[in-house]
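The block underneath contains the structure these notes are about, expressed in structure tokens.
The values are calculated or read from the model by the stated rules, or taken from the named source; none is laboratory data. Values in this document were obtained by computation on a predicted structure and should not be read as measured data. Quick reminder, even Gly has a Cβ in these numbers, built from the backbone with ideal geometry, and neighbours come from all protein chains shown. SASA here: full protein model, heavy atoms, side chains in, ligands and nucleic acids out. Shrake-Rupley method; radii C 1.70, N 1.55, O 1.52, S 1.80 Å.
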Amino acid sequence: MGGVEDESEPASKRMKLSSRVLRGLANGSSRTEPAAGSSLGLMARPLPIEGDEEVIGSKGVIKRVEFVRLIAKALYSLGYEKSGARLEEESGIPLQSSVVNLFMQQISDGLWDESVVTLHKIGLSDENLVKSASFLILEQKFLELLDQEKAMDALKTLRTEITPLCIKNSRVRELSSCIISPSSCGLLNQNKRNSTRARSRSELLEELQKLLPPAVIIPERRLEHLVEQALVLQTDACMLHNSIDMEMSLYTDHQCGKEHIPCRTLQILQSHNDEVWLVQFSHNGKYLASASNDRSAIIWEVDENGSVSLKHKLTGHQKPISSVCWSPDDRQLLTCGVGETVRRWDVSSGECLRVYEKAGHGLISCAWFPDGKWICYGVSDRSICMCDLEGKEIECWKGQRTLSISDLEITSDGKQIISICRETAILLLDREAKYERMIEENQTITSFSLSKDNRYLLVNLLNQEIHLWDIKGDFRLVAKYKGLKRSRFVIRSCFGGLKQAFVASGSEDSQVYIWHKGSGELIEPLPGHSGAVNCVSWNPANHHMLASASDDRTIRIWGLNELNTRHKGARPNGVHYCNGNGTS
């Protein structure tokens, strides 16, 4: 808003002064030229400007005066002083009132008493705000007097000017200690690079700018912030946004196509001899683990070009493998046979390092604690146990904690253990607080998946729906995903893509389904498999790579439609078949 103007001062000179003051604030300098043509007798309370209530834009929500002031502020911040001054002069809309300019000049010049008087003339209605600003100014005066070794003057300022404000009593006591022990005063400003106890005046101006209402002093880079905010909102609203490399332009509205969604089969992995039940990428995206009804697990390696090849085939389980889990550092892998044992493998060598079992009971699921020092497994007696890497049991939670077919997750802080405790309920066990909470569903739960930020759970139901639960605070059902087919099998889904903005799932109709997480809208069903798709996994390090495991004994690697690399041995359709030896 504009303020009272000194009619004897040409507009262009006044505006050039304003730009210099603001440039000094932005660049951190503490000195500016004296304010010409200012009047101590004037108030800075905004007066009506011609067109003050005029709005612009098709929606009628942008005030012309505010818009012009923001543009002027941006011009000065970019160093276009003449353009900023010309805009103020031509529009008749000053960036700041003459009283505000005077106030800022007095701060830069160290005229503390005069600046406090001018502060009261800015027209601030909040008395507490005026006191807080006065405190900052007088504190600076006090500290600079101490720097000048004028202890008595500093003491007088503290007693007669700062203390009567009756605010920030603890800070007043800290300032008092500077009189008694000057060496302790340096601790009050530990961020200072030099020995001066007082902050620089440009820093004081920045603090005052944060404190004063934005209508009085427009925040630095406000226009840039609004533009960035608009771009972020556009990407958040874009249902197909899935690339950090996507260039954005201010010239057009942002909109993505499906070319950034992995919807084309790039590779078919054929090294399992029976139904493939599980796939899971490592945290760093460099490996893929798969598990099968053939009682084997495979560690696949993902090279820098995105090509996947067999690294190790892991054998030793006596039953089909129902669970796999990567260690936090991706150097080890846990596998669990159905009602059998948990095995820990070295990823580099493929060697089995340890077999975990519980006398008289089978193990059904496994998970790592985030520090990598402990593991957790579900037991066929419906208990959940925690042990160290040598197999020593540390804690066991007995009772109805898990089902015979169950996923098991541990939050990244290691505090909560999540499992399916009943056919229609998921248990969240806080092992430190000894507190349990449950998510209740009306349908049978077949599997679930935890988001990377620990905020959301994807819950797969037997009724051909996937539910998204917000588990931060009170449980809240926020979305439902429909379209997939399920009647008999355990189908697993996952989060994925940039900022985990997508949900993918297998389906009994041999397709992979992808939805936008926020809207719940189906983006694309991906055909290709010839049997039920049991599990999907989205590469956390490559937002354009997705893996799916199927009853057709294959794993498909999905990528973007445009192939940037032709793999050796690729078929005419661009699909690379791998049987574990790199041959067709």
### Query
Carbon and sulfur: what percent of the stretch 399-546's accessible surface (1.4 Å probe)?
44
### Query
How would you order 290-302, 84-96, 227-239 from highest to lowest mean count of nearby Cβ atoms within 10 Å?
290-302, 84-96, 227-239
### Message
From zero outward in steps of 10 Å, how is the percent of C-alpha pairs of the stretch 295-401 spread across the bins?
### Response
15, 47, 29, 8, 1
### Task
Starting at the first residue of the stretch 97-104, write each ³J(HN,Hα) from the Karplus equation 6.51 cos²θ - 1.76 cosθ + 1.60 with θ = phi - 60°, in whole Hz, x for Gly and Pro.
6, 5, 5, 5, 4, 5, 4, 5
### Message
Can you list residues from other chains, or at least 5 along the same chain, whose modelled amide H is less than 5 Å from the amide H of LYS311?
### Response
ILE299, TRP300, GLU301
### Summary
In whole Hz, the Karplus estimates of ³J(HN,Hα) for the stretch 80-89 (6.51, -1.76, 1.60; θ = phi - 60°; x where Gly or Pro) are 8, 5, 5, 5, x, 5, 5, 4, 4, 5
### Task
Let me see the pair-distance distribution of the stretch 103-167: every alpha carbon pair, 5 Å bin width, integer percents in order.
4, 18, 28, 25, 17, 6, 2, 0
## Note on the structure
Count of lysine pairs, the stretch 432-514, Cα-Cα under 24 Å, sep. 8 or more residues or interchain, comes to 11
## Note on the structure
At 10 °C and 1.306 mPa s, the Stokes-Einstein diffusion coefficient in µm²/s for the stretch 427-531, with hydrodynamic radius from the Kirkwood sum on alpha carbon pairs, is 111
### Surface/4 estimate of mean projected area, convex hull on alpha-carbon atoms of the stretch 306-367, nm²
4.7
### Alpha carbon centroid spacing (whole Å) that separates the stretch 307-326 from the stretch 120-182
69
### Query
Using θ = phi - 60° and the Karplus form 6.51 cos²θ - 1.76 cosθ + 1.60, what ³J(HN,Hα) does each residue of the stretch 279-289 get, whole Hz, x for Gly and Pro?
9, 7, 6, 5, 4, 8, x, 8, 9, 10, 9
## Note on the structure
Residues whose built amide H sits under 5 Å from the amide H of LEU278, excluding neighbours closer than 5 in sequence, are ALA291
## Note on the structure
Given the candidates SER115, LEU143, SER132, the one whose Cα lies deepest towards the positive end of the charge dipole of the stretch 108-165, counting +1 at each Lys or Arg C-beta and -1 at each Asp or Glu C-beta, is SER132
### Summary
Amide H contacts under 5 Å for THR424, restricted to residues at least 5 apart in sequence or on another chain and with H modeled in the peptide plane, are ILE445
### Message
Using protein chains only and a probe of 1.4 angstrom, how many square angstrom of ARG455 are accessible, to the nearest 10?
### Response
80
